[in-house]
Amino acid sequence: MVDIHPSVYGDKFGGNTPQSETVGRGDALVLRDGRVFKVTWSRPDMASGTTFSLPDGKEMLFAPGQVWIWLADRTKSPQLLPDRTPAAAPASSSTPKSAAPSASPSK
């Protein structure tokens, strides 16, 4: 968890841009490959990057590409909902054929 509080900054619509305190350590949930990992985040100072550690102390590895971080309200407990994605339909035995456009040679 990260402490978030109002700041002196705002957006062009008048909304407050919150200040996130990201130096320190805390608990986090990592969602990856359809699984949930309980980890600890740690950032010793402003010049350091954030690391995420598994309960056994090993570093949490992320898949290549972008990583999205969501800072949640500390006053509320996170709630993970069950997967409600419908199962994929079985593949049909007949595959539709696409019609190739006819081309006439150019002169």
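Bear in mind these aren't lab numbers, they're just calculated from the coordinates by the rules spelled out. Not measured: the values here are computed from a predicted model. Heads up, the Cβs are rebuilt from the backbone with ideal geometry, glycines too, and the neighbour counts pull from every protein chain shown.
Considering only residues that are within 16 Å of the chain's Cα centre (by Cα) and exposed (fewer than 10 other Cβ atoms within 10 Å of the Cβ), which ones fall in the range 28-60?
Residues satisfying the conditions are D33, G34, R35.
Within the range 61-86, track down each residue that is surrounded by 10 or more Cβ atoms within 10 Å (Cβ to Cβ) and in contact (Cβ under 8 Å) with a residue 24 or more places away in the chain.
The answer is F62, L71, A72, R74, P78.
Residue by residue, here is whether (1) farther than 18 Å from L71 by Cα; (2) not aromatic (F, W, Y) holds:
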site: G14; (1), (2): yes, yes
site: T17; (1), (2): no, yes
site: G24; (1), (2): no, yes
site: F37; (1), (2): no, no
site: T40; (1), (2): no, yes
site: S48; (1), (2): yes, yes
site: F52; (1), (2): no, no
site: G57; (1), (2): yes, yes
